[in-house]
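Written out below as structure tokens is the structure these notes cover.
The values are calculated or read from the model by the stated rules, or taken from the named source; none is laboratory data. Predicted model, so just to flag it, every value in this text is computed and none were measured. A quick note on method: Cβ atoms are made from the backbone with ideal geometry, for glycine too, and the neighbour counts reach across all protein chains shown.
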Amino acid sequence: MQTHATVHLVRHGEVHNPGRVLYGRLDGFGLSELGHRMADGVADWFRTRAEAQGRVPAVVAASPLLRAQQTAAPIAAALDRPLGTEPGIIESENRFEGMSGVAARLRRDPRLWPLLRNPMRPSWGEPYRAQAARVLQVVDRVREEAVAAQGPGAEAVLVSHQLPIWVTRLAVEGRPLWHDPRRRECSLTSVTSLVFEPGRPAPRVEYHEPNRALLKDASSLPGA
């Protein structure tokens, strides 16, 4: 029987990326001005939630990449929690990393075509199953840490990236991991909450968009 707890998977805010590079795990891609506003907005959302519940999340951690750390910092400050780093929730590996205009390059460069041989895996990067497995390993560990610190009903916040969050959601919902990147429900600074309840074999998923009003002004690359 699973312990009742909630682990929130938060996508980072908008990144300063005028060259529209598929940045992946590259260093130096931090939040834009709008991205910082988004980080403050999701921090306010968690603060309001904690005030309503009378308890703050026991754990706040982020991927080691700059954009995730910058998104998580206001959340940790708002909740008066130390900010941890979790390498297991880093962005996925991608052979197109560092490229801009990927679709156009694929059309004109046959040398890249072998990378597309198996989109269900996918053949151009880290397998979807591997991504979900490493994220869920972190989720299970921080869930237990949170419950050990606060008891049943404890919560944890993990700031990660769109693709790892999305395939983790697909995995816990028992859906196929292959998907159209344009159809991911995982907007900038969205919160995908995994709610673990006694008697349920898998967590229930809740989805929130604390910065819905800001999304119209944001630019985003699929998979970024």
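All conditions but one from (1) surrounded by fewer than 19 Cβ atoms within 10 Å (Cβ to Cβ); (2) within 28 Å of Gln69 (Cβ to Cβ); (3) modelled with pLDDT of 90 or more apply to Phe96; the one that does not is (3).
Note on the range 172-219: residues that are at negative phi, assigned to a loop (DSSP other than H, G, I, E, B), in contact (Cβ under 8 Å) with a residue 24 or more places away in the chain and under 14 Å from the mean Cα position of the chain (by Cα) total 5. Being in contact with a Phe, Trp or Tyr (Cβ under 8 Å, 6 or more places away or on another chain), at pLDDT 95 or above, assigned to a loop (DSSP other than H, G, I, E, B) and not hydroxyl-bearing (Ser, Thr, Tyr): is that true of Pro57 here? So Pro57 fits the description; yes.
One line per residue, one yes/no per condition, for (1) without any contact (Cβ under 8 Å) to a residue 40 or more places away in the chain; (2) more than 21 Å from Pro87 (Cβ to Cβ):
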| site | (1), (2) |
| --- | --- |
| Arg37 | no, yes |
| Phe46 | no, yes |
| Arg49 | yes, yes |
| Val60 | no, no |
| Ala68 | no, no |
| Ala72 | no, no |
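Note on the range 81-136: residues that are in a strand (DSSP E or B) and closer than 18 Å to Leu22 by Cα amount to 3.
When the range 113-142 is limited to residues that are within 22 Å of Glu86 (Cβ to Cβ) and in contact with a Ser or Thr (Cβ under 7 Å, 6 or more places away or on another chain), the one that is modelled with the lowest pLDDT turns out to be Gly125.
Provide a single number: the residues in the range 137-169 that are part of a helix (DSSP H, G or I) and under 23 Å from Leu22 (Cα atoms). Write out each step before concluding.
Just the residues of the range 137-169 that are part of a helix (DSSP H, G or I), to begin with: 137-150, 162-169.
Those left that are additionally under 23 Å from Leu22 (Cα atoms): 162-169.
Final tally of qualifying residues: 8.
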